[in-house]
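The values are calculated or read from the model by the stated rules, or taken from the named source; none is laboratory data. The model shown is predicted, which means the values in this text are computed figures rather than measured ones. Cβ coordinates were reconstructed from backbone atoms using ideal geometry, including for glycine residues, and neighbour counts include every protein chain displayed.
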């Protein structure tokens, strides 16, 4: 019995945009503080334009920051705090194979699943 069945043509499903969540922001930012570049698990979410100044809770305004940088920036914008973002936050591109990221994939399946983001 085969473990893989390969289709002759692609069955296209509509791509869903990823939901904005803490975990997804850290995955997008590769668990790196977007202000100082430190990698680690002790990260927080930071609103580039603070919510009390009208900054929305959207992909383009949320980034990961270490506790030290988040306290230094406080309720200011990066310009006001004299800080610079390492990369501009943006929504991740939809990827139909993203659902397989957290599953163990059989070795013989690997060549049929492109992992590019």
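Structure values in brief
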quantity: Total residues in segment 52-63, condition under 14 Å from residue 24 (Cα atoms), assigned to a loop (DSSP other than H, G, I, E, B) and out of contact with any strand residue (DSSP E or B) (no Cβ under 8 Å at 6 or more places or on another chain); calculated: 1
quantity: Hits in segment 52-63 - residues which are exposed (fewer than 14 other Cβ atoms within 10 Å of the Cβ) and touching a helix residue (DSSP H, G or I) at 6+ places or on another chain (Cβ under 9 Å); calculated: 57
quantity: Candidates 49, 8, filtered to the one that is in a loop (DSSP other than H, G, I, E, B), within 30 Å of residue 111 (Cβ to Cβ) and without any contact (Cβ under 8 Å) to a residue 40 or more places away in the chain; calculated: 8
quantity: Count - residues of segment 25-46 that are under 22 Å from residue 95 (Cβ atoms) and in a loop (DSSP other than H, G, I, E, B); calculated: 4
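Quick grid of which residues meet (1) at pLDDT below 75; (2) loosely packed, with under 12 Cβ neighbours inside 10 Å; (3) in contact with a strand residue (DSSP E or B) (Cβ under 7 Å, 6 or more places away or on another chain):
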position: 65; (1), (2), (3): no, no, yes
position: 72; (1), (2), (3): no, no, no
position: 81; (1), (2), (3): no, no, no
position: 89; (1), (2), (3): no, no, yes
position: 93; (1), (2), (3): no, yes, no
position: 102; (1), (2), (3): yes, yes, no
position: 115; (1), (2), (3): yes, yes, no
